Each structure stands twice: as structure tokens, then as C-alpha cells.
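S.K.: Take this structure, written in C-alpha cells, and hold onto it; I'll ask about it next.
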Amino acid sequence: MSAAPTRKPVTPASPQPASAAAEPGRKNVMSALLNRKPVLWFLFLFNLTVALAAAIAGHHLHLHGHTLHGTQQAMTAAGMGAVTLGAGAALLRQRPKRA
């Protein structure tokens, strides 16, 4: 069995190389995904539906014997509504590209 590889300690005089995610010119995968129109439309419509369902009928929705009541119902609707507003703002902000 071979021994574990030895590593030099990180000191200011010998920094470790940057990771692949920190390389210049490489875009964050999640950022690229969230900038696509179909993803934004899904986020907008799904979160709008859940926010309305939680606000209107939260105390009637039963999931494994649990329901939403009072503050929990209001905060769920507000949180999902905030995501809906963010996705809607991103959809409105995007302009068609000119050729």
C-alpha cells in the first residue's frame, strides 16, 4: 500500500494554485443556467403558483398530516412571492439581442 501524498503547507510565500472555478474566463454554471429564459419562466410560474396556493389555501393543504397556519402560511407565501418577483424582474430586464 502506498503512503498518502505529502503536501507542502500553504504560506504567503508559496500559495496554492487557484482552483478551476476561479480561473479567469470560466463562467459559473449556475449563473449561466439562471440567465436562460425557459428557466426564468419556470421559476416565475412555479413560484407564483405555490405562493398563491399557500396564501389562499395553505390551511387546507395537507402534506403528511401537516398544514400551514398563520405566520407560517404568510411567510411561505411571501418567500415564494419574492422569488417570483425576482424571476419576473429578470425576465423584464432581458432585452432581445440585435443581429
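What follows draws every value from the coordinates through simple rules; no lab data is involved. It should be emphasised that the depicted structure is a prediction, and the values quoted were computed from it without experimental measurement. Heads up, the Cβs are rebuilt from the backbone with ideal geometry, glycines too, and the neighbour counts pull from every protein chain shown.
S.K.: Applying 1/(1 + (r/R0)^6) with R0 = 25 Å to the Cβ-Cβ distance of residue 34 and residue 78, what FRET efficiency is obtained, to the nearest 0.05?
M.R.: According to the calculation, E is roughly 0.70.
S.K.: Any chance you could run the full-extension gain for residue 93 through residue 62? It's 0.36 nm times the residue separation minus the Cα-Cα distance, nm to one decimal.
M.R.: Here the segment from residue 93 to residue 62 would lengthen by 7.4 nm.
S.K.: Could you give the length gained by full extension between residue 53 and residue 69, i.e. 0.36 nm per residue of separation minus their alpha carbon distance, to one decimal place?
M.R.: 4.5 nm
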